[in-house]
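The values are calculated or read from the model by the stated rules, or taken from the named source; none is laboratory data. Please read all numbers here as calculations on a predicted model, not as lab measurements. Positions of Cβ are generated from backbone atoms using ideal geometry, with glycine treated the same way; all protein chains shown enter the neighbour counts.
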Amino acid sequence: MGRFEGELLVRAEKVAGLYPDPRSAIIPLCHLAQEQDGYVTEEAIAHIAELVGATGAEVQGTASFYDMFKFEPVGEYVIGVCTNISCMLRGGYGLLEAASSTLGVPPGETTPDGMFTLEEVECVAHCDKAPAVQINYRYFGPVDSEGFAELVGQLRSGELDGQIPKHGTLGRVLRDAPPLIPVEEIDAERARQDGEREARAASREV
Amino acid sequence: MRIVGARLEHADSHTLERFLATGGNNALRKALLEMTPEAVAAEVLTANLLGRGGAGFEAGRKWGMLRKAKRRYLVVNGDESEPATFKDHLLVERDPHQLVEGATIAAYAIGASLAVIYLRGEFALGLERVQEAINDAYRIGALGRDIFGSGFSVDIVLQPGAGAYICGEETALLESLEGNRGFPRIKPPYFPAVIGLYGDPTIVNNVETVSNLPWIVENGGEAFKSLGSGRSTGTRLFALSGQVNRPGVYEVEMTKITFRDLIFGEEFGQGLAPSRSLTAFIPGGASSPWFFPEHLDLPLGQDEVAKAGSMLGSGSVIVMDDSSCPVRSAWRIARFFARESCGQCTPCREGGTWIDRIMERIERGNGREEDLDLLLDLCDNISPGVVWPPAQTTICVLGPSIPPAISAAISRFRDDFLLHIKEGRCPHA
Ligand SMILES: Cc1cc2nc3c(=O)[nH]c(=O)nc-3n(C[C@H](O)[C@H](O)[C@H](O)COP(=O)(O)O)c2cc1C
Ligand code: SF4
Ligand code: FES
């Protein structure tokens, strides 16, 4: 828990090496921390800071700006109900109320068994399927109150396990590519290409 | 006419097999093996491809503004979070290879040292599909070192966002990409093409903009320009949502159909629920000024919509019928912007919050008649004159995105506001 270990440490080091400036890895690494622990722990923040050469306060300062990062435990399933304009026009608020009564908690809270966190969310770009729901960022819609109760039932019974990983896991496809081309090599190639470009421009002028 | 959406008729449009079977990478080969970078850029300039991210700036012209420097970057903006906008979501999930091909073409044309595709963090499936497409491209030699033996090399990195609408604004996006809070940068410089990622010149283009590039390279800029009319060339994806029978994303040739066609047409929205009538629609995303039934016959073209006092913006059309409450709709839009304000500028941070609260109390029946003037005064503080296009007192245009919905609702539906106030409740509830 907390610091990256094992396979996740290998992945974290790879991610940190993907950018000309390792600080660019702060957000991807916070996602990785959530994949490991379900939320971003203080230990993870310290470890990310070490990996990217920043201070813990800097990492915390960045991470706290973003809605997707949680700093205390949340449910295994974070359920977002959209109430923004297109969903509102198709019953988004009604659905949020129904969701709240199905789960027995108001938006922003987690069920006592730690299974579900309910959130009211802004437009999730699924507006043609309004009202839209995201469960750990997997899409459903249009969803009505019965449909919502059914989804919750399926989550409890484990029926959706293959489709929806636990909270924190975003993309399950990992980068599978050769190491990045060293930037000096690219610089040399671009310098040569720019030279050719200028030569072409000059020959057109003549 | 389908360009960016051509492959979507196939259920497996996201797979490498379908991509290659439907002409995938033909344009990339052509660009890299038969064309110089300048020639590619010239075709894009001829095409007059307008940016699809909201501002509608010509992509070719933007590329031409790239400052000469040793290192340059390409950043593809896939942060799509403007309310009611969901076209990039479709493209990244359903045709990710086209996006990667387009990004590689753009990287070649501008000589980028590295390309980054920044995707909205909530697009879990999109992140998987685009990463898969990137992995595929490396595997078949379409990305990385010496692509297709052309001597051109470039890498693409996929970057997830983490839930912040403001990161769609290009300078906030670059801040986010540098590992910071998503605070828009002070302008000038107006364009990242001058100072962008890590201080180097950077081209930021929208997902749909970039997805058009393979077609333009294959068919030529003239062919693209022959579609549409005036400055609005090619096709565009329109995201139709709200109280309409068949919401969805529709690709149409620009300027060739009207809002009436889009909302009521058999092949498009198929009209409203029985016995409902249209009260208002928003033509270009939540931040654009509202349109009303008298605007239905305007064509879907950038300048046509601008001349009528609004914008085509992100291409999202929101339909409201007479069962909905215009006060509530305007409030919900204002609330969104208030919540998403990054807080750097007082007019946006404070003004947005005030407007949200006042609108809420009116909608809940606790409003006062003076509130209408107060709202307009607050709007005027955020965007002096409440004119269109908006005047700006803020670092970015998120702030000035708040007044259009409020001022439209007040000027058109004043009686509705007054009824809320007089009856002490929402008459539509
Ligand atoms: C508040 C705000 C949010 C924005 N969100 C997005 C977005 O989600 N996607 C996008 O492509 N452009 C967005 N833009 C526009 C970008 O700043 C930029 O103009 C665009 O990405 C450039 O690409 P294009 O020229 O290809 O359209 C936003 C702008 C503002 C002010
Ligand atoms: S206008 Fe609003 S969102 Fe934009 S920089 Fe200022 S405070 Fe931030
Ligand atoms: S408004 Fe709910 S998904 Fe867009």
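Structure values in brief
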| read-out | value |
| --- | --- |
| Which numbered condition residue B:189 misses (of (1) without any contact (Cβ under 8 Å) to a residue 60 or more places away in the chain; (2) touching a strand residue (DSSP E or B) at 6+ places or on another chain (Cβ under 6 Å); (3) within 16 Å of ligand 2 (Cβ to nearest atom); (4) not polar (S, T, N, Q)) | (2) |
| Checking residue A:28 against (1) within 11 Å of chain B (Cβ to nearest Cβ); (2) within 14 Å of the chain's Cα centre (by Cα); (3) touching a residue at least 40 places away in the same chain (Cβ under 8 Å), the condition it does not meet | (3) |
| When residues of the stretch B:177-188 are limited to those that are more than 7 Å from chain A (Cβ to nearest Cβ) and surrounded by 19 or more Cβ atoms within 10 Å (Cβ to Cβ), the one farthest from residue B:54 (Cα to Cα) | B:183 |
| Considering residues of the stretch A:186-206 that are surrounded by fewer than 13 Cβ atoms within 10 Å (Cβ to Cβ) and closer than 25 Å to residue B:157 by Cβ only, the residue nearest to the other protein chains (Cβ to nearest Cβ) | A:191 |
| Helices (runs of 4 or more DSSP H) completely within the stretch B:50-152 that count 1 or more residues being more than 14 Å from every other protein chain (Cβ to nearest Cβ) | B:59-64, B:96-110 |
| Residue in the stretch A:120-132 that is more than 8 Å from chain B (Cβ to nearest Cβ), surrounded by fewer than 19 Cβ atoms within 10 Å (Cβ to Cβ) and more than 30 Å from residue A:29 (Cβ to Cβ) present | no |
| Residues located in the stretch B:309-366, provided they are among the β-branched types (Val, Ile, Thr) and in contact (Cβ under 8 Å) with a residue 40 or more places away in the chain | B:317, B:318, B:319, B:327, B:333, B:355, B:362 |
| Count of the stretch B:189-212 residues which are crowded, with 20+ Cβ neighbours inside 10 Å and of a type in the set (Asp, Glu) | 1 |
| Count - residues of the stretch B:72-129 that are free of Cβ contacts under 8 Å to residues at least 40 places away in the same chain and more than 16 Å from ligand 3 (Cβ to nearest atom) | 2 |
| Only listed residue being surrounded by fewer than 23 Cβ atoms within 10 Å (Cβ to Cβ), among the small types (Gly, Ala, Ser) and assigned to a helix (DSSP H, G or I), chosen from A:99, A:57, A:33, A:44 | A:57 |
| Segments classed as helices (runs of 4 or more DSSP H), wholly inside the stretch B:323-420, with at least 3 members that are out of contact with any strand residue (DSSP E or B) (no Cβ under 7 Å at 6 or more places or on another chain), within 13 Å of ligand 2 (Cβ to nearest atom) and under 21 Å from residue B:182 (Cα atoms) | B:326-340, B:346-363 |
| Residue among B:205, B:180 that is assigned by TED's automatic domain parsing to the domain that holds residue B:139 and over 21 Å from residue B:59 (Cβ atoms) | B:180 |
| Set B:104, B:36: member being surrounded by fewer than 19 Cβ atoms within 10 Å (Cβ to Cβ) and β-branched (Val, Ile, Thr) | B:36 |
| Whichever residue in the stretch A:175-185 is outside any helix (DSSP H, G or I) and within 7 Å of chain B (Cβ to nearest Cβ) and, among such residues, is surrounded by the fewest Cβ atoms within 10 Å (Cβ to Cβ) | A:178 |
| Count - residues of the stretch A:137-172 that are out of contact with any Lys or Arg (no Cβ under 8 Å at 6 or more places or on another chain) and facing chain B (nearest Cβ under 9 Å) | 6 |
| Failed item in (1) out of contact with any Ser or Thr (no Cβ under 6 Å at 6 or more places or on another chain); (2) within 14 Å of chain A (Cβ to nearest Cβ); (3) within 15 Å of ligand 1 (Cβ to nearest atom), with residue B:212 passing the rest | (2) |
| Selection from the stretch A:54-81 of residues that are more than 16 Å from ligand 1 (Cβ to nearest atom) and facing chain B (nearest Cβ under 10 Å) | A:54, A:58, A:59, A:61, A:62, A:63, A:64, A:69, A:80 |
| Qualifying residue in the stretch A:156-163 (condition: in contact with an Asp or Glu (Cβ under 6 Å, 6 or more places away or on another chain) and surrounded by fewer than 17 Cβ atoms within 10 Å (Cβ to Cβ)) | no |
| Single match in A:113, A:21, A:67 (criterion: among the charged types (D, E, K, R) and within 16 Å of the chain's Cα centre (by Cα)) | A:67 |
| Some residue of the stretch B:141-151 being buried (at least 24 other Cβ atoms within 10 Å of the Cβ) and within 12 Å of ligand 1 (Cβ to nearest atom) | no |
| Scope the stretch A:124-143; condition within 16 Å of ligand 1 (Cβ to nearest atom) and not in a helix (DSSP H, G or I); matching residues | A:124, A:125, A:126 |
| Yes/no for residue A:114 being part of a strand (DSSP E or B) and of a type outside the set (Val, Ile, Thr) | no |
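Here's the yes/no breakdown for (1) among the small types (Gly, Ala, Ser); (2) within 16 Å of ligand 1 (Cβ to nearest atom):
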site	(1), (2)
B:314	yes, yes
B:325	no, no
B:333	no, yes
B:341	yes, yes
B:349	no, yes
B:379	no, no
B:382	no, yes
